[in-house]
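> This is the structure I have questions about; it appears just below.
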Amino acid sequence: MNPPMDLASYLRRLGVTSGVQPDLSTLRTLAASHAAAIPFENLNPLLGWPVSLDLAAVERKLVQEQRGGYCFEHNLLFGEALRAIGFEVGALAARVLWGRPEDAITPRAHMLLRIEIDSATHIADVGFGGLTLTGALRLEENLAQSTPHEPFRFVRRDDGDWRMQAQVHGEWKTLYRFDLQPQYPVDFVAPNHYLSTHPESHFVNRLIAARAAADRRYALQDRELAIHHLGGDTERRTLDSTQAVLGVLENELQIRLPRDGALERRLQRLFE
């Protein structure tokens, strides 16, 4: 059995200094702070390094080592922090639909969280890359809900699944579909192994990193950097060297990079 997480160190990583309690205000504050402080990134799969879902390993990587991770790591850590505060938290699994038809059946390869507050169900998800949810949403159909960034909403189709949508440039875009079947740690072992090791996994073959700052979102795919400012303007630029990519990872994305040269060599091969 894992020892309890070090909640104080996690809150310091987020820059949260005021008291926390199991209420909606705290949940929203922590979601926004987590998304700003801990980046989404896939350096381990890209480098051929394992991705452990052991809580102690996730804490060490995302908190002590000041790295980031992908959905399983982010939401596992966030969920444990919420439980330590006193929230009632459960895990759910989703099928990613971003860029796919609404009725697509993709693997259950994404993790999100269900939180019960005052007899109402809320959804949190601090691990969806460039559109990570920076707030918490009441699970209610067809209700546009504000966050520190884009509005989000849930819709349902005849298949009964919930669909998470974000309003992007005035258009509602579906991120993923999910149901409310509870998930357990063992349910994420196989999808984590696939995403982190399979030669066809996009996390193995491409550099992907993102962070949601207070006034903008950063999204990096290989050498393409997008900066989405609150208010709608987007800057895009192609980074012209491996050193420029490393600089963005370290500064804009705020990732403490490995110093053994492996990442630089992998990026050079990737960009060739």
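The values are calculated or read from the model by the stated rules, or taken from the named source; none is laboratory data. Predicted model, so just to flag it, every value in this text is computed and none were measured. Glycine gets a Cβ as well: all are built from the backbone with ideal geometry, and neighbour counts include every protein chain shown. Areas reflect the complete protein model, heavy atoms only, side chains present, ligands, DNA and RNA absent. Shrake-Rupley method; radii C 1.70, N 1.55, O 1.52, S 1.80 Å.
> Go through the residues of the stretch 133-147 one by one and say whether even a single one is among the small types (G, A, S) and under 19 Å from Q181 (Cβ atoms). Before the answer, list the steps.
Quick first cut of the stretch 133-147, residues among the small types (G, A, S) only: 135-136, 144, 146.
Checking the rest, the ones that are also under 19 Å from Q181 (Cβ atoms) come to none.
The answer is no, given that none of the residues of the stretch 133-147 is among the small types (G, A, S) and under 19 Å from Q181 (Cβ atoms).
> A follow-up question, please. For the stretch 1-19, give me each residue that is surrounded by fewer than 18 Cβ atoms within 10 Å (Cβ to Cβ), more than 12 Å from S33 (Cα to Cα) and at pLDDT below 95.
M1, N2, P3, P4, S18, G19
> State yes or no: is P39 more than 15 Å from the chain's Cα centre (by Cα), modelled with pLDDT of 95 or more and surrounded by 22 or more Cβ atoms within 10 Å (Cβ to Cβ)?
Details: more than 15 Å from the chain's Cα centre (by Cα): no; modelled with pLDDT of 95 or more: yes; surrounded by 22 or more Cβ atoms within 10 Å (Cβ to Cβ): yes.
Taking the combined requirement at face value, the residue does not satisfy it.
> Please specify each residue of the stretch 204-232 satisfying the condition of being part of a strand (DSSP E or B) and more than 12 Å from E41 (Cα to Cα). It would help to see each step written out before you state the result.
Going residue by residue through the stretch 204-232, those that are part of a strand (DSSP E or B) are 208-212, 216-221, 224-229.
Once the filter is applied, which keeps residues that are part of a strand (DSSP E or B) and more than 12 Å from E41 (Cα to Cα), the stretch 204-232 yields A212, R216, R217, E224, L225, A226, I227, H228, H229.
> Could you tell me which residue of the stretch 12-25 is farthest from the chain's Cα centre (by Cα), considering only residues that are in contact (Cβ under 8 Å) with a residue 12 or more places away in the chain and under 25 Å from L53 (Cα atoms)?
If we filter the stretch 12-25 for residues that are in contact (Cβ under 8 Å) with a residue 12 or more places away in the chain, which is where we start, we get 13-16, 20-24.
Next, only the ones that are under 25 Å from L53 (Cα atoms) stay: 13-16, 22.
Working: R13: 16, L14: 15, G15: 18, V16: 19, P22: 21 Å.
Ranking the candidates gives P22 first.
> Return yes when L220 is at negative phi, touching a helix residue (DSSP H, G or I) at 6+ places or on another chain (Cβ under 8 Å) and surrounded by 12 or more Cβ atoms within 10 Å (Cβ to Cβ) and no when it is not. Steps first, answer last, please.
Details: at negative phi: yes; touching a helix residue (DSSP H, G or I) at 6+ places or on another chain (Cβ under 8 Å): yes; surrounded by 12 or more Cβ atoms within 10 Å (Cβ to Cβ): yes.
When the stated conditions are applied, L220 passes them.
> Still on this model: Which one of A91, A104 is of a type in the set (A, V, I, L, M) and either in contact with a Pro (Cβ under 9 Å, 6 or more places away or on another chain) or farther than 14 Å from Y176 by Cβ (or both)?
Working: A104 fails: either in contact with a Pro (Cβ under 9 Å, 6 or more places away or on another chain) or farther than 14 Å from Y176 by Cβ (or both).
After applying the criteria, what remains is A91.
> Would you please list the contacts, defined by Cβ atoms under 7 Å and residues six or more apart or on different chains, that run from a residue in the stretch 122-136 that is at pLDDT 95 or above to a residue that is outside any loop (DSSP other than H, G, I, E, B) and of a type in the set (F, W, Y)?
Listed pairs, sorted by first residue: A124/F78; V126/F78; G127/F40; G129/F40; T132/F40; L133/F152.
> Right, next: Residues of the stretch 236-256 being assigned to a loop (DSSP other than H, G, I, E, B) and surrounded by fewer than 16 Cβ atoms within 10 Å (Cβ to Cβ), which ones?
Within the stretch 236-256, D240, S241, N251, R256 meet the criteria.
> Filter the stretch 39-80 down to residues that are more than 18 Å from P185 (Cα to Cα) and part of a helix (DSSP H, G or I), then give me how many there are.
Initially, the stretch 39-80 is screened for residues more than 18 Å from P185 (Cα to Cα), giving 39-49, 60-68.
From what's left, part of a helix (DSSP H, G or I): 43-47, 60-64.
Selection size over the stretch 39-80: 10.
> Still on this structure, please answer the following. Evaluate the following for L267: is it open to solvent by less than 20 Å² (accessible area, probe 1.4 Å), over 17 Å from the mean Cα position of the chain (by Cα) and over 16 Å from F40 (Cα atoms)?
On the way: open to solvent by less than 20 Å² (accessible area, probe 1.4 Å): yes; over 17 Å from the mean Cα position of the chain (by Cα): yes; over 16 Å from F40 (Cα atoms): yes.
The answer is yes for L267.
> Could you look through the stretch 152-203, keep only residues that are of a type in the set (S, T, N, Q) and in a helix (DSSP H, G or I), and pick out the one that is surrounded by the fewest Cβ atoms within 10 Å (Cβ to Cβ)? Let's see the steps before the verdict.
Step one: filter the stretch 152-203 for residues of a type in the set (S, T, N, Q), giving 165, 167, 174, 181, 183, 192, 196-197, 201.
Going one step further and asking which of them are in a helix (DSSP H, G or I), we end up with 192, 196-197.
On the way: N192: 22, S196: 22, T197: 14.
Top of the filtered list is T197.
> Just give me the residues in the stretch 92-116 being open to solvent by 10 Å² or more (accessible area, probe 1.4 Å), of a type outside the set (F, W, Y) and in contact (Cβ under 8 Å) with a residue 60 or more places away in the chain, in sequence order. Steps first, please.
As a first pass, look at the stretch 92-116 and keep what is open to solvent by 10 Å² or more (accessible area, probe 1.4 Å): 95-96, 98-109, 111, 114, 116.
Cutting the leftovers down to of a type outside the set (F, W, Y) gives us 95-96, 99-109, 111, 114, 116.
Answer for the stretch 92-116, where residues must be open to solvent by 10 Å² or more (accessible area, probe 1.4 Å), of a type outside the set (F, W, Y) and in contact (Cβ under 8 Å) with a residue 60 or more places away in the chain: R95, V96, E102, P107, R108, A109, M111, R114.
Here's the yes/no breakdown for (1) over 18 Å from the mean Cα position of the chain (by Cα); (2) closer than 24 Å to H202 by Cα; (3) part of a strand (DSSP E or B):
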| position | (1), (2), (3) |
| --- | --- |
| A84 | yes, no, no |
| A91 | no, yes, yes |
| A94 | no, yes, yes |
| W98 | no, yes, no |
| P101 | yes, yes, no |
| A104 | yes, yes, no |
| L113 | no, yes, yes |
| H122 | no, no, yes |
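> It is to be established whether one or more residues within the stretch 126-135 are of a type in the set (G, A, S), under 29 Å from L253 (Cα atoms) and part of a helix (DSSP H, G or I). Even if it seems obvious, please write down each step before you answer.
We begin by selecting, within the stretch 126-135, every residue of a type in the set (G, A, S); these are 127, 129-130, 135.
Going one step further and asking which of them are under 29 Å from L253 (Cα atoms), we end up with 127, 129-130, 135.
If we keep only those that are part of a helix (DSSP H, G or I) too, we end up with 129-130.
Yes.
> With the structure loaded, tell me whether L47 is within 30 Å of S119 (Cβ to Cβ), open to solvent by less than 60 Å² (accessible area, probe 1.4 Å), touching a residue at least 24 places away in the same chain (Cβ under 8 Å) and more than 16 Å from the chain's Cα centre (by Cα) or whether it fails that test. Quick ask: steps written out before the conclusion?
Details: within 30 Å of S119 (Cβ to Cβ): no; open to solvent by less than 60 Å² (accessible area, probe 1.4 Å): yes; touching a residue at least 24 places away in the same chain (Cβ under 8 Å): yes; more than 16 Å from the chain's Cα centre (by Cα): yes.
The answer is no for L47.
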